[in-house]
Ligand SMILES: [Zn+2]
Ligand SMILES: [Zn+2]
């Protein structure tokens, strides 16, 4: 994706940018321990439908790695292990239809996911909809687990949108 065109840098993005899932988000991450690098969210136009990248932590490499979640089984592209954990959240579509909405309200897990989806829309570094599984992936403006120093002091920021 190195030759792709950068569309925009920094903040001030419209709230609905995440719905354009043919634009990849290039993120930077950095931690207090000095560990830093890049991570990808979603897909470029040319990779659309074939790849959907999202940052994970690999407990074998002790590193942040961007994984194509459309390629099953999901594993670390560097070392091949499945000992990985996804950063941020993966939230299913809210229910449509009256009965589904009612059942959703009665389900604590679903209620929490809807709340997270609302929060994500207002407070995300990056969010993107993955249409195969009908889920929204997102990274919040918050501190995450650092695989290098094992403290919760790793943060992501948006670096560029890439077509
Ligand atoms: Zn690995
Ligand atoms: Zn660290």
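The values are calculated or read from the model by the stated rules, or taken from the named source; none is laboratory data. Source: prediction; values computed, not measured. We place every Cβ from the backbone using ideal geometry, glycine too, and count neighbours over all the protein chains shown.
Mind checking whether some residue in segment 73-87 is within 16 Å of ligand 2 (Cβ to nearest atom) and touching a strand residue (DSSP E or B) at 6+ places or on another chain (Cβ under 6 Å)?
Yes, there is a match, as at least one residue in segment 73-87 is within 16 Å of ligand 2 (Cβ to nearest atom) and touching a strand residue (DSSP E or B) at 6+ places or on another chain (Cβ under 6 Å).
So that you can scan it fast, the table gives a plain yes or no per residue for (1) modelled with pLDDT of 95 or more; (2) within 28 Å of residue 35 (Cα to Cα); (3) crowded, with 18+ Cβ neighbours inside 10 Å:
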site: 87; (1), (2), (3): yes, yes, yes
site: 115; (1), (2), (3): no, no, no
site: 124; (1), (2), (3): yes, yes, yes
site: 141; (1), (2), (3): yes, yes, no
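Can you go through 66, 46, 51 and tell me which one is more than 20 Å from residue 142 (Cβ to Cβ), away from ligand 2 (no atom under 16 Å from the Cβ) and touching a strand residue (DSSP E or B) at 6+ places or on another chain (Cβ under 6 Å)?
51
Given the criteria surrounded by 14 or more Cβ atoms within 10 Å (Cβ to Cβ), farther than 26 Å from residue 45 by Cα and without any contact (Cβ under 8 Å) to a residue 12 or more places away in the chain, does residue 104 qualify?
On the way: surrounded by 14 or more Cβ atoms within 10 Å (Cβ to Cβ): yes; farther than 26 Å from residue 45 by Cα: yes; without any contact (Cβ under 8 Å) to a residue 12 or more places away in the chain: yes.
Yes: the conditions hold for residue 104.
Under 8 Å between Cβ atoms, at least 6 apart or on separate chains: pull out the pairs that start in segment 53-77 with a residue that is at positive phi and touching a residue at least 12 places away in the same chain (Cβ under 8 Å) and end on any residue that is outside any strand (DSSP E or B) and buried (at least 20 other Cβ atoms within 10 Å of the Cβ).
Sorted first by the residue in segment 53-77, then by its partner, the pairs are 62/147.
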